[in-house]
1. Could you tell me whether Val90 is out of contact with any strand residue (DSSP E or B) (no Cβ under 8 Å at 6 or more places or on another chain), in a helix (DSSP H, G or I) and at pLDDT 90 or above?
2. Somewhere in segment 263-271, is a residue in contact with a Ser or Thr (Cβ under 8 Å, 6 or more places away or on another chain) and at pLDDT 70 or above?
3. May I ask you to verify whether Ala16 is open to solvent by 10 Å² or more (accessible area, probe 1.4 Å), assigned to a helix (DSSP H, G or I) and free of Cβ contacts under 8 Å to residues at least 24 places away in the same chain?
4. For segment 245-264, which positions are open to solvent by 40 Å² or more (accessible area, probe 1.4 Å) and in a helix (DSSP H, G or I)?
5. Being open to solvent by 50 Å² or more (accessible area, probe 1.4 Å), touching a residue at least 12 places away in the same chain (Cβ under 8 Å) and either assigned to a helix (DSSP H, G or I) or closer than 22 Å to Gly125 by Cα (or both), is that true of even one residue in segment 225-244?
6. Within segment 37-56, identify whether any single residue is modelled with pLDDT of 90 or more, under 16 Å from Ala175 (Cβ atoms) and hydroxyl-bearing (Ser, Thr, Tyr), and answer yes or no.
7. Taking segment 178-212 as the search range and keeping residues that are in contact with a helix residue (DSSP H, G or I) (Cβ under 7 Å, 6 or more places away or on another chain) and small (Gly, Ala, Ser), which one is surrounded by the most Cβ atoms within 10 Å (Cβ to Cβ)?
8. Looking at Tyr176 and the list (1) modelled with pLDDT of 90 or more; (2) under 30 Å from Val123 (Cβ atoms), which single condition is not satisfied?
Amino acid sequence: MNRLPLVLLTALAPAAWGTTYLVTTELLPAGHPLFAGLLRSLPAGFLAVLISRRLPRGGWWGKSFILGALNIGAFFPLLFLAAERLPGGVAAAVAGAQPLIVLVLGALVLQERIRPLAAAAAVVGAGGVALVVLGPAAELDLWGILAAVGGVTATGAGMILTKRWGRPVDVGPVAYAGWQLSAGGLLLLPSTLIVEGVPQTIDGSAVLGYLWLGTAGGIIAYTLWFRGVQQLPVIAPGLLALLSPIVATTLGVVVAGERFNHLQAIGLVLTLVALVLGQLAPWPNRRTAAPTPHATAADALTAPR
């Protein structure tokens, strides 16, 4: 696939995730971030596996659970916790730290050279979202900020391992997303039942919210996202994630009535500039090879780069 269509399709994922904060605060029962993460992941994962009719084999059982833990099992509850404790724009804007995390991990794990343009884009993006976070109307909650930072750190590590390990050569992106969603959902199941349980009331609005998060924000978004992560330069999807705060902040202002000032507007402009700069990163000469269906985790870690 040509680069521009691939970038645009990959960008749909963080754009969909940017709606999570509004959906959580406006439609879902409060106080149940684990349950929300469970319903977003497990049904969508099982559906994707059913559609693809493919299960992991060999070392991919372990890899699927590692990736599922980082991208889903840790990220979802932290995401929903941040969404409940912070205004939508603030919660999503913390994702601006992710490009810096991805840039450093990419250099350490993937041995990708940090290029000046990519580094500049990551710094500009972090500065842009900082302006949004530090706006005078922002209500900063320590636990909300820590949850948001923890979530983007987990997904940053998951992004690097997704690119490092690739996917089996005969497995499509739907199955690959389904493995991780299912694994992450299974990891969330015990803690959800023990810590939170099921909300006492799930009305029609909540049902619509869960359906949206499980389809547009779940199976569809992760299928597009993982394919883009594997094919684009590592910094490109990391900066595309900045679409999440842009969408969330816009929805917070337009729908939820959150206040927005000139300083935050400058921050969003800088974020958009960083996003565009990140897509100008050179396409890698060699892509990380995907292991064969029967390869083990050790085989993948020692495979030539």
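The values are calculated or read from the model by the stated rules, or taken from the named source; none is laboratory data. In this text the structure is predicted, and so the values were computed from the model without any measurement. Reconstructed Cβ throughout: ideal geometry from the backbone, glycine too, with neighbour counts over all protein chains shown. Heavy atoms of the whole protein, side chains included, go into the accessibility calculation; ligands, DNA and RNA do not. Shrake-Rupley method; radii C 1.70, N 1.55, O 1.52, S 1.80 Å.
1. Judged against the criteria, Val90 is not a match.
2. yes
3. Working: open to solvent by 10 Å² or more (accessible area, probe 1.4 Å): yes; assigned to a helix (DSSP H, G or I): yes; free of Cβ contacts under 8 Å to residues at least 24 places away in the same chain: no.
The answer is no for Ala16.
4. Answer for segment 245-264, where residues must be open to solvent by 40 Å² or more (accessible area, probe 1.4 Å) and in a helix (DSSP H, G or I): Thr250, Leu251, Val253, Val254, His262, Leu263.
5. Yes, because at least one residue in segment 225-244 is open to solvent by 50 Å² or more (accessible area, probe 1.4 Å), touching a residue at least 12 places away in the same chain (Cβ under 8 Å) and either assigned to a helix (DSSP H, G or I) or closer than 22 Å to Gly125 by Cα (or both).
6. For segment 37-56, residues modelled with pLDDT of 90 or more, under 16 Å from Ala175 (Cβ atoms) and hydroxyl-bearing (Ser, Thr, Tyr): present.
7. Gly184
8. Tyr176 satisfies all of (1) modelled with pLDDT of 90 or more; (2) under 30 Å from Val123 (Cβ atoms) except (2).
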